[in-house]
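In what follows, a structure is listed as structure tokens, so that the remarks can point back to it.
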Amino acid sequence: MTTMPATLIRPLTPADVSDMRLPWSSPFDRPSLAEHLAEHPRRAFWVPHTGEYIVGEPWRHREIATAIVDIVARENGAALVETLRDPALSVPHELLVLTDFAGSRRPVFYRDVRLALMQQVICYELRRIPRDVPDGSLRFERLLLDDPHAVATLLVLDHAAFPWLWWNTVEEFANYAAVPGVRLYAGYDHTGTAVSYVGVTQYDGWGHLDRIGVVPASQGAGYGYETLRFAVQSLAYGGAHRVGLSTQADNLRSQRLYHRFGFSRTHQNDYHIYGTWANPARAATAFMPGGGNR
């Protein structure tokens, strides 16, 4: 419930940090918060009288969306969220989200700050990697981001296969590819057309399937299964004995594919994404089904 006039909410700047009291649960200390605020201006606000605050950053390196990365709110949470949501007061963005990985906040918190559940992400694990799986018709090539053609190919595949909510940018791909153990591949059909892509991370003894997508025009030809098979086998060749992945709870097509391949549901790493639209018109297309699993 909003109990304080919006005029008492101020932009939070690096100069304000010395006057703040950060809780133990905050991801920031004072120096890191000051650095964050300098890097992401107009994405943080506070109520000096009560010490409540909200801090955001571009979500998944997308300037068009803001992720709440820290919030301390008692009576004025809805007003803080509304201020950050408002493009006239904050930045010209379309979406405001808060990801709850640990389920540490009660549903009443999201109701009070007026954030609605947008997406539930569920997890799977393959504990026995199948052997001697026959090759399919796709040819896979590794994509390196120092190649402009590879970057262009990734963006076309990504935006075709995934709904707007999960689109990657060049910056997000660059950040992802810089992580040790990450590999990206594109799948090409018999005409040489890129129809799928996959991103995996190789760990010591196990692997994670991070992204897998098939362009809509090529769905129904078994390319999703072929791409999944290739991803799992590439991780197995690197020493993985088990493979994990996550997908949207409403992506029933992907879930059927994973069950068919032998994946089993796990629950310990499921998480939820709450949010509100700065541009409500975008909501009509943000969740349109694609062939991708984030």
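The values are calculated or read from the model by the stated rules, or taken from the named source; none is laboratory data. Every value quoted in this text rests on a predicted model; they were computed, and no experiment measured them. Note that each Cβ is placed from the backbone with ideal geometry, even for glycine, and that neighbours are counted across all protein chains shown. Each accessible area value is taken on the protein alone, full model and side chains, heavy atoms only, with ligands, DNA and RNA left out. Shrake-Rupley method; radii C 1.70, N 1.55, O 1.52, S 1.80 Å.
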Notebook entry, point to check: Ignoring ligands, DNA and RNA, what percent of the 1.4 Å accessible area of region 92-223 is carbon and sulfur?
Noted result: 55 percent
Next item on the list: When a/c is below 1.5 the answer is rounded, else prolate if a/b is larger than b/c, else oblate, so apply that to region 186-294 with a ≥ b ≥ c taken from the square roots of the Cα gyration tensor eigenvalues.
Entry: oblate
Margin query: Hydropathy at least -1.0 by Kyte-Doolittle, axial extent at least 15 angstrom from the Cα trace: which helices of the chain, defined as entire DSSP H runs, fit?
Written below: 148-161, 223-237
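Assuming a ≥ b ≥ c are the square roots of the Cα gyration tensor eigenvalues, decide whether region 115-269 counts as rounded (a/c under 1.5), prolate (otherwise, with a/b larger than b/c) or oblate. If you can, show how the numbers build up before the last one.
Numbers: a/c = 1.24, a/b = 1.09, b/c = 1.14.
It is rounded, given that a/c, with a ≥ b ≥ c, falls under 1.5.
Using only the Cα atoms of region 57-145, construct the convex hull and provide its projected area averaged over every direction, in square nanometres to one decimal.
Working: hull surface 40.2 nm².
Taking the Cα atoms of region 57-145, their convex hull projects to 10.0 nm² on average.
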Next item on the list: At 1.4 Å probe size, with every protein chain present, just tell me what the per residue accessible area of the chain comes to in Å².
Entry: 49 Å²
Next item on the list: Just the Kirkwood number for the chain, please: inverse of mean 1/r across all distinct Cα pairs, in Å, one decimal.
Entry: 20.7 Å
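Based on the Cα gyration tensor of region 193-253, what are the three equivalent ellipsoid semi-axes, each the root of five times an eigenvalue, rounded to whole Å and given largest first?
Details: eigenvalues 97, 37, 15 Å².
Gyration-tensor ellipsoid for region 193-253: 22, 14, 9 Å.
Could you work out the relative contact order of region 133-235? I mean the mean sequence separation of Cα pairs under 8 Å and 6+ apart, divided by the number of residues, in percent.
Numbers: 153 pairs, mean separation 27.7, N = 103.
Computed over region 133-235, the figure is 27 percent.
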Check: Where does the chain land at 222 nm, in deg cm²/dmol rounded to the nearest 500, when only DSSP H runs of n ≥ 4 count, each adding -39500 (n - 2.57), divided by all residues?
Finding: -7500 deg cm²/dmol
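Taking all protein chains as present, what is the carbon and sulfur share of the accessible area of region 225-294, in % to the nearest whole number, probe 1.4 Å? Numbers along the way, then the final one.
Numbers: 1680 of 3240 Å².
About 52 percent, which is the carbon plus sulfur part of the accessible surface.
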Check: What is the calculated FRET efficiency for residue 193 to residue 89, with r their C-beta to C-beta distance and R₀ = 41 Å, to the nearest 0.05?
Finding: 0.35
